Amino acid sequence: QRYTQAYPYRHLSRTAFDEIVALLTRGWNPNRGKQQAFLFHDRVRNRLRARRGARLAAITSGGAIPDTATYAVIAEPHGNTVGSVDEDFDVESLAGDIILLGNTSWRIRGIETGVMRVEDAHGAPPTIPFWRGEAPSRTFELSQEVAELRQAIVDRLMTRSTAAPAPSEHDPRLNILRWLESECGADQRAAEQILAYHQSGLRMLGGVPTQRTVIAERFFDEAGGMQLVIHSPFGGRINRAWGLALRKRFCVSFDFELQAAATDEGLVLSLGERHSFPLETVWTLLRSSTIREVLTQAVLQAPMFMARWRWNVSRALAVLRFRNGRRVPLHLQRMRAEDLLAAVFPMATACQDNRAPGNIEVPSHPLVEETLRDCLEDAMDIEGLTSLLQRIEQGDVQCLSVESPAPSPFSHEILNANPYGFLDDAPLEERRSRAVSMRHVLPPEEAATVGALDAGAIAAVCEEAWPRVRDADELQEVLHLLAWVPEDRATDWSAFLPDLLDSGRALVLSHTDSTTGTTISIWTTPDHLSLLTAIYPDLAAFTDTRQHEHTPSPGFSSDEQEARATIVRNWMEVIGPTTAQELATTLRWPIPATQTALEQLEAQGQVLRGTFHPRDGFPSSQTHDAKPEVEWCDRRLLARIHRRTVLALRREIQSVSASDFMRFLFRWQHVAPTARLHGEPGLQTILEQLAGFEVAASAWEPYVLRSRMADYRPDTLDYLCLRGIITWGRLTPPTQDHDLASVKQKKRMIPTSLAPISLFPRDNAVWLLTLARKGRQGQLAWLPEQLTAVARTVYHYLSQRGASFFADVARGTHQLQAEVEQGLWELASVGLVTADGFDNLRALLDPKRRRGIGRHQKRRPRHTIGRWSLLTTGADDPDKQMTPDLNPTESWARQLLRRYGIVFRDLLKRESLTVAWRDLLLIYRRMELRGEIRGGHFVSGMTGEQFGLPEAVEALRAVRNDPQAGAQEIRLSGSDPLNLVGIILPGDRIPSPPSRYVIYRNGIPAASEPL
């Protein structure tokens, strides 16, 4: 009664109490006698009393917290304890090694029992210690919340349209992002990552693991084995129990110990070449009625059992932590705990060779029962697993089975489980899950097809596997390999058969089907005759009358079933994925006999069943209740098909070199001779593409536009400008420190033909000027005061009168025409004025026209038509103000995509408009979520995220696959937007004056020379 009043012992029965008392009075270890007991039972007076030494043992060794395998780190010469290290790390360390504790480097002086002595290493490069231990699993309640969040994301994804919508505030994906930010307290980037993660997994697996959906995923690794991942977000305790139980089932079924690991999100089993089974049967391997017995047997061989056994024997004082006033080293405690286990539970440590087949009988011992309870209920959740299996059996949980060529994003965390997630004792460096390649991550748009095997890969592997016969010797090898070759499958080889028949190296047998009455001819070799007669004893005589000496094939069995399995195995090695009906038709066999042979090979791990050829819909995901058409394939051929499928996908998204990217840009920006444009529409397309890029005023027509037009005519540009389609002007005002450094000294501007000018659609002027002059209002206000007097006069006239012709400006300012010309050119070069036509700028650039001399004087008047006006953002003009939904940064992001097709951070170095990449990055990520652009790593050697228009990505791939695309010699001016040497291409930056050419060959700069 005294003990049952305590809450932990409220259910203690009298029988259990008497057993514990009897055990404590005779000692824990029966091999050491009663001298080790702490209690004495006086049966005469019916009393219990403590033996001598029991009180001291309870005081020094008692406690519920188990000892950890750590060594104290003591700093010399003062003897201060500065920390502790794991026992395994201590054993692997040597004197002289340098380790890091806190922020100090320590040099190891020596290692003693339980102590590591160190000294200050004075900042020498250290090694970081490691500590081993168990991580707490996620609680059931938290796992349920995570699963509900996933389900909510999936429900919202399923409601959106499958077509990529146009940019809109009502985009369902934007609504999901906002919901994630408010529901989870995540910022925008975290919400985008969460959404992209679930989108990729959903496209690849056809579902998302939740409390109502579990997914089994199987794929090949690079070693030829397979990894089975079960996605079950029920927490580590349930998954650990599930993984151990499955591992035990596979061990019993295949007589092979598997490596396994479990995390809060699922579990992984590393299958070998012998493990072949229908994937959907994994849901029926365990039953709720027998799971406790299976898991108990599995726990006995798990590392957690021995660890908790040591903890329990220490708490029970069966193994003392202190003896003779000194702490017992942990390794000695571990050894004594193992000796005690061998004494009370011999089968747990028995030799495998002497162990009887079947389950291990668990003794009725309090410490053994307590250890099993700790493993099943504390380290794992046996009740939770039982409930989950019952829900699966009742159909309350949907079970999906997916055969995938590559691991899904959901499996990456499980495959990279930390050592505390391992369910076996194999170290990290020996884990088979490390054979899974995850270096090449497929983008979300490719994830939708990665679950399906590529039809081209299947056809290629089947073609490679089918034997090629070019002479009689090769035909003999094929007949020896296949053993049974119907004549209609060997018509292409008939020319080589007579030589084999004449030399006695081949036979032609005939067999009459008893059910259909049809007779078929079979080609084989003499050494397979006994194999074939085991199947059909009534095979007819040979085509020739000679008797052949033959010996049975190596390993031959006269059993008909074994003979059929041998022939089917030979054929499966060369034909690829097929159904039992197709194979039976090929071999002219009954379908049931063929099916039996295939199932026998599956049990041996030779073939795998599944749905391999692409079908309508998602090809490789199905519930375990579905009945798809079953195909069979040799394991090695299927592994080759998987590798080819993944490699084909990776080749499509493989990044291109910098030279290939330049060849793409030559075509994208119409610099390549075959890509140049014609006429007014072509010129308008070019100017829309180059909008916002500033080039030296004198370089636009002779170098930039002529290199992109097949028949450039200046009057075409004038026509576009005068119609109000295109305008020009300097977007970015000169900086006070550079361009106008001389203004403060000389008090006047000296404009040159190198002044940067941009050509852009007039519709884009508002947002371009707003973006270019954002934060530069101080410079714009300062500029007019630093100009010459004439330029200021012209500026004030245009600000008051608005757009004016040149003659009106000259009359209104009362200045000479030459002075007005100088003032207008000064204003244009600093970005304050523009004109209706581009010929206005030509007149200022051409000194001869400005002086009214030269041979073209009659054809080109000194001052052309077109008005001059201030180049402003139009903030004061209601007709020119930006609409509320126009975002200059987003417009600039789209303009960069239009200019380059593929955009990344390094390309901004050539742009004069300074917009932070982080601001563009947010816009590009939103556009990617909308489906407008693609994200990925398209150009190698460039850091950071990259984005591209879908048509640009396809064009980039086409250029990579076509070595001749853009491979001609290209000559570009140094001021051309494609002068990317030192930015994209290696080498020093080439100056950008128009008078210097850069010559490219195959996208690589070959020379740089002046005009």
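The values are calculated or read from the model by the stated rules, or taken from the named source; none is laboratory data. Note that this is a predicted model, so its numbers are computed, not measured. For neighbour counting, all protein chains shown are included, and Cβ atoms are generated from backbone atoms with ideal geometry for every residue, glycine included.
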Residue list for the range 314-336, filter: within 22 Å of L24 (Cβ to Cβ) and touching a Lys or Arg at 6+ places or on another chain (Cβ under 8 Å): S314, V319, R321, V328, Q333
Some residue of the range 97-105 being within 41 Å of the chain's Cα centre (by Cα), in a strand (DSSP E or B) and over 27 Å from L428 (Cβ atoms): yes
Selection within the range 799-816 - part of a helix (DSSP H, G or I) and either in contact (Cβ under 8 Å) with a residue 40 or more places away in the chain or not assigned by TED's automatic domain parsing to the domain that holds L759 (or both): S799, F806, A807, V809
So E280, is it in the same structural domain as I360 (by TED's automatic domain parsing) and touching a Pro at 6+ places or on another chain (Cβ under 9 Å): no
Residue that is surrounded by the fewest Cβ atoms within 10 Å (Cβ to Cβ), among those in the range 47-79 that are of a type in the set (V, I, T) and part of a loop (DSSP other than H, G, I, E, B): I65
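Can you tell me which residue in the range 213-228 is farthest from T263 (Cα to Cα), limited to those that are touching an Asp or Glu at 6+ places or on another chain (Cβ under 7 Å) and in a strand (DSSP E or B)?
Selected residue: R218.
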Out of V82, V21, sole residue that is part of a helix (DSSP H, G or I), of a type in the set (A, V, I, L, M) and surrounded by 10 or more Cβ atoms within 10 Å (Cβ to Cβ): V21
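Let's see how each residue does on (1) closer than 30 Å to E273 by Cβ; (2) of a type in the set (D, E, K, R); (3) surrounded by fewer than 21 Cβ atoms within 10 Å (Cβ to Cβ):
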site: R636; (1), (2), (3): yes, yes, yes
site: A639; (1), (2), (3): yes, no, no
site: L647; (1), (2), (3): yes, no, yes
site: S655; (1), (2), (3): no, no, yes
site: R676; (1), (2), (3): no, yes, yes
Selection within the range 915-946 - surrounded by fewer than 19 Cβ atoms within 10 Å (Cβ to Cβ) and either without any contact (Cβ under 8 Å) to a residue 24 or more places away in the chain or aromatic (F, W, Y) (or both): A916, W917, R918
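Looking only at residues that are of a type in the set (V, I, T) and under 15 Å from H78 (Cβ atoms) in the range 98-120, which one is surrounded by the most Cβ atoms within 10 Å (Cβ to Cβ)?
Taking the candidates together, the pick is V118.
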Sole exception among (1) within 30 Å of W493 (Cα to Cα); (2) at pLDDT 90 or above; (3) not hydrophobic (A, V, I, L, M, F, W, C) for T386, by number: (1)
Filter result for the condition that a residue is over 18 Å from R326 (Cα atoms) and assigned to a helix (DSSP H, G or I), over V44, V91: V91
Output for the range 708-733, where each listed residue is surrounded by fewer than 22 Cβ atoms within 10 Å (Cβ to Cβ) and under 18 Å from F666 (Cα atoms): M709, A710, D711, Y712
Hey, E87 touching a residue at least 40 places away in the same chain (Cβ under 8 Å) and more than 44 Å from the chain's Cα centre (by Cα) or not: no
Hey, L367 more than 28 Å from T284 (Cβ to Cβ), assigned by TED's automatic domain parsing to the domain that holds A245, of a type in the set (A, V, I, L, M, F, W, C) and free of Cβ contacts under 8 Å to residues at least 60 places away in the same chain or not: no
Condition met for A495 (surrounded by fewer than 16 Cβ atoms within 10 Å (Cβ to Cβ), modelled with pLDDT under 90, of a type outside the set (F, W, Y) and assigned to a helix (DSSP H, G or I)): yes
Pairs where the first residue, in the range 298-312, is basic (K, R) and the second is outside any helix (DSSP H, G or I), C-beta under 9 Å, 6+ apart: R308/P66; R310/P66; R310/D67; R310/V319
Filtered residues of the range 921-942 (kept if aromatic (F, W, Y) and in a helix (DSSP H, G or I)): Y924
Residue match in the range 277-289 (condition: part of a helix (DSSP H, G or I), surrounded by fewer than 16 Cβ atoms within 10 Å (Cβ to Cβ) and modelled with pLDDT of 85 or more): yes
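Does any residue of the range 971-985 turn out to be of a type in the set (D, E, K, R), part of a loop (DSSP other than H, G, I, E, B) and surrounded by fewer than 19 Cβ atoms within 10 Å (Cβ to Cβ)?
No: the range 971-985 contains no residue that is of a type in the set (D, E, K, R), part of a loop (DSSP other than H, G, I, E, B) and surrounded by fewer than 19 Cβ atoms within 10 Å (Cβ to Cβ).
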Residue list for the range 229-249, filter: closer than 10 Å to V214 by Cβ and in a loop (DSSP other than H, G, I, E, B): S232, P233, F234
